[in-house]
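Asker: Submitted below is the structure of interest, expressed as structure tokens.
The values are calculated or read from the model by the stated rules, or taken from the named source; none is laboratory data. Values in this document were obtained by computation on a predicted structure and should not be read as measured data. No Cβ is skipped: glycine too gets one built from the backbone with ideal geometry, and neighbour counts run over all protein chains shown. Please note that ligands, DNA and RNA were not included when accessible areas were found on the heavy atoms of the full protein model with its side chains. Shrake-Rupley method; radii C 1.70, N 1.55, O 1.52, S 1.80 Å.
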Amino acid sequence: MHRIEAHQNALWRLLGGIALGLCLAAGLWLLVLAGQLGHPHPSHQWVLEAQAHKQSRAEAISIPRLLVAGGSSAMFGIDSQQLEETFRRPAVNLGVNAGLGLPVILNHTLEVAKAGDVVIMALEYPLFGYNGEINHVMNDFYLGRPEALLDAWRLSREALPLHRWLPLLAREAFQIVMQTSPTRVMQGYRGLPDDFTVSGTYGAHRLDARGDQTGATRQLREPWMAQQVMAEAPRHYGTEHRRNAPGWALLRHFQARLHARGACLILVPPAFLFHPSYQEDSVEQRFYTTLPKQAAEHGLTYRGRPYDFMYPVEDMFNTDFHLVDEARQRNTRRLIKALTSPDNLSEPVIECPRPTIETGVTRQPLADQIAGLELDK
């Protein structure tokens, strides 16, 4: 009996020692991880420079603007000058990278939007189903910009009830801790090399004055880029989407924030590579055909049909969301048609949606909408 008790005590001491060691190791890792938070890293410098370029352009305009928002599909796929000339108001393209996640995109747009602005948001399809999944782009960005993570959590807290927000926060924090490699931590401590400059396909150096991507013509598309696009497997956004995903709540809250300051939101399809399975697979087909209706069920306005904004492989630059410049012109013309009231085809006018408690979403010309907001004040 004494021998059994001795073995049990020894086992408990061993387990206790292992548990203590794991706790100390975890605590040490968290301290090491925290020590490099906020340090610049090469992976997201192009994003910061692009955001600063676009925001500077927007802030230089004092009159109501058209703000194009979303990920890189908006940056590559929409011609802001064409929007500006058609609707006779200045346009700025805020789109950067969908990999940053929905909260970062919404918060950056809120930093810029002001009274009278119309936000035309071409969100990549997985962003509607945002559920706190942290990808490598978000992970790197949040490590270098922890304030962006806090802002994302604050936005989610405002949009979600506590019982949905706490699991989201815990999931994101856990993923960031577990996905960060020792190599990434060491890179964070080293910071940027002294001679570092942003170069390549992405960054402020590849944007025009309005924030649109440049240098994406068919002629400049290298063979490996075309091969990369052709190798893209069909996405399964319909299968992966959940109708009650937190992303919808974030979009509703975002719209309310815009409305409170006298701006409005219109969702539109992103430019996207067409695959036959998007029509042949019943689940995928239902997702694309019902997305505008899903948006309406959440009190949001979605203009345009996703299938009308899908393009063949020869129209894509280097990913399944990036158009070549020539196709960007066609995509923008389709967008203008989707945004224009059928009653004003000869003189295009954006009908700005105005949410109301009594009737959900109503549509009226922008001038009337702004006048109504002034009366509300």
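Asker: Of Asp195, Asp208, Asp212, which residue is surrounded by fewer than 18 Cβ atoms within 10 Å (Cβ to Cβ) and within 21 Å of the chain's Cα centre (by Cα)?
Answerer: Just one listed residue meets the conditions, Asp208.
Asker: Could you check region 157-183 and list, in sequence order, the residues that are closer than 21 Å to His136 by Cα and either touching a residue at least 60 places away in the same chain (Cβ under 8 Å) or not in a helix (DSSP H, G or I) (or both)?
Answerer: Residues satisfying the conditions are Leu168, Val177, Thr180, Ser181.
Asker: OK, next. For Leu300, are the conditions met, namely being closer than 23 Å to Arg154 by Cα, in contact (Cβ under 8 Å) with a residue 60 or more places away in the chain and either in a loop (DSSP other than H, G, I, E, B) or in contact with a His (Cβ under 6 Å, 6 or more places away or on another chain) (or both)? Walk me through it before giving the result.
Answerer: On the way: closer than 23 Å to Arg154 by Cα: yes; in contact (Cβ under 8 Å) with a residue 60 or more places away in the chain: yes; either in a loop (DSSP other than H, G, I, E, B) or in contact with a His (Cβ under 6 Å, 6 or more places away or on another chain) (or both): yes.
Taking the combined requirement at face value, the residue satisfies it.
Asker: Condition first: touching a residue at least 60 places away in the same chain (Cβ under 8 Å), open to solvent by 10 Å² or more (accessible area, probe 1.4 Å) and assigned to a helix (DSSP H, G or I). Can you find one or more residues in region 115-122 that meet it?
Answerer: Checked region 115-122: no residue is touching a residue at least 60 places away in the same chain (Cβ under 8 Å), open to solvent by 10 Å² or more (accessible area, probe 1.4 Å) and assigned to a helix (DSSP H, G or I).
Asker: Just for region 303-316: of the residues that are open to solvent by 20 Å² or more (accessible area, probe 1.4 Å) and of a type outside the set (Lys, Arg), which one is farthest from Arg252 (Cα to Cα)? Before you say what the answer is, go through the steps one by one.
Answerer: Here is the first cut: in region 303-316, the ones open to solvent by 20 Å² or more (accessible area, probe 1.4 Å) are 303-305, 307-308, 312-314.
Still in the running and of a type outside the set (Lys, Arg): 304, 307-308, 312-314.
Working: Gly304: 19, Tyr307: 24, Asp308: 25, Pro312: 33, Val313: 34, Glu314: 36 Å.
Here the residue is Glu314.
Asker: Next up: Considering only region 81-94, how many residues are open to solvent by 10 Å² or more (accessible area, probe 1.4 Å) and either assigned to a strand (DSSP E or B) or aromatic (Phe, Trp, Tyr) (or both)?
Answerer: 1
Asker: Within region 244-254, can one find any residue that is under 20 Å from Asn131 (Cα atoms), modelled with pLDDT of 95 or more and open to solvent by 30 Å² or more (accessible area, probe 1.4 Å)?
Answerer: Yes, region 244-254 contains at least one residue that is under 20 Å from Asn131 (Cα atoms), modelled with pLDDT of 95 or more and open to solvent by 30 Å² or more (accessible area, probe 1.4 Å).
Asker: Which residues, counting only those in region 62-80, are in contact with a strand residue (DSSP E or B) (Cβ under 7 Å, 6 or more places away or on another chain) and either at negative phi or open to solvent by 20 Å² or more (accessible area, probe 1.4 Å) (or both)?
Answerer: Arg65, Leu66, Leu67, Val68, Ala69, Ser73, Ala74, Met75, Phe76, Gly77, Ile78, Ser80
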